[in-house]
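Down below is the structure, laid out as structure tokens.
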Amino acid sequence: QVQLVESGGGLVQPGGSLRLSCAVSGMISRIGGMAWYRQAPGKERELVAYITSSGSTSYADSLKGRFTISRDNTKRTMYVQMNNLKPEDSAVYYCHATLTPMGATMPLAYWGQGTQVTVSS
């Protein structure tokens, strides 16, 4: 079964850092673009950052300079390094990826289960 497995969330003080990971499990033939989204209580899910299969990146304007997205294709894992965290960064963070399952002819969109990030003193 193809799925995305996230890890790395938790409680951090304002100004602190966290690194989230998103690992692809299951039999796949290709990993396309990957992204991090987040959703705070009462708010819509929003894009945090995106990375293409070749490593080009883009960010939500409000997060540029504090968040860094990366991927290691050999480990089939995507990361986001989050620095100088603020209380307003508290949310459930989800990874998203376009994956082609082994034997499939078309890529499919997958979501991780989400990981909670809480920034509080």
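Please tell me if T118 is open to solvent by less than 30 Å² (accessible area, probe 1.4 Å), in contact (Cβ under 8 Å) with a residue 40 or more places away in the chain and hydroxyl-bearing (S, T, Y). Steps first, please.
Numbers: open to solvent by less than 30 Å² (accessible area, probe 1.4 Å): no; in contact (Cβ under 8 Å) with a residue 40 or more places away in the chain: yes; hydroxyl-bearing (S, T, Y): yes.
Answer is no for this residue.
Taking S21 and the conditions (1) closer than 30 Å to S121 by Cβ; (2) outside any loop (DSSP other than H, G, I, E, B); (3) in contact (Cβ under 8 Å) with a residue 60 or more places away in the chain, which numbered condition does it fall short on, given that it satisfies the others?
It fails just one condition, (3).
Given (1) open to solvent by less than 30 Å² (accessible area, probe 1.4 Å); (2) in a strand (DSSP E or B); (3) within 28 Å of P14 (Cβ to Cβ), where does I31 come up short, assuming only one miss?
(3)
How many of the residues making up the stretch 88-106 are open to solvent by 70 Å² or more (accessible area, probe 1.4 Å) and at pLDDT 95 or above?
Of the stretch 88-106, the ones open to solvent by 70 Å² or more (accessible area, probe 1.4 Å) are 88, 102-103, 105-106.
Now narrow it down to the ones that are at pLDDT 95 or above: 88.
Qualifying residue count for the region: 1.
Quick check on G16: is it over 18 Å from L99 (Cβ atoms), open to solvent by less than 70 Å² (accessible area, probe 1.4 Å) and at pLDDT 95 or above?
Values: over 18 Å from L99 (Cβ atoms): yes; open to solvent by less than 70 Å² (accessible area, probe 1.4 Å): yes; at pLDDT 95 or above: yes.
Here the answer is yes, as G16 does meet what is asked.
Kindly provide the set of residues from the stretch 54-87 that are under 14 Å from the mean Cα position of the chain (by Cα), open to solvent by 40 Å² or more (accessible area, probe 1.4 Å) and small (G, A, S), ordered by number.
Matches in the stretch 54-87: S58, S70.
Can you name the residue in the stretch 40-62 that is touching a residue at least 24 places away in the same chain (Cβ under 8 Å) and part of a strand (DSSP E or B) and is also nearest to S121 (Cα to Cα) among such residues?
Applying the filter and picking the extreme gives V48.
Which pairs turn up if I take residues in the stretch 1-17 that are on the phi > 0 side of the Ramachandran plot and look for partners that are in a strand (DSSP E or B) and open to solvent by less than 50 Å² (accessible area, probe 1.4 Å) with beta carbon separation below 6 Å, at least 6 apart in sequence or on another chain?
Cβ pairs passing all conditions: G8/L20; G8/S21.
The values are calculated or read from the model by the stated rules, or taken from the named source; none is laboratory data. This structure is a prediction, so every number in the text was calculated from the model and none was measured. Note that we place each Cβ from the backbone using ideal geometry, even for glycine, and neighbour counts take in every protein chain shown. Just the protein is used for accessible areas: all its heavy atoms, side chains included, with ligands, DNA and RNA removed. Shrake-Rupley method; radii C 1.70, N 1.55, O 1.52, S 1.80 Å.
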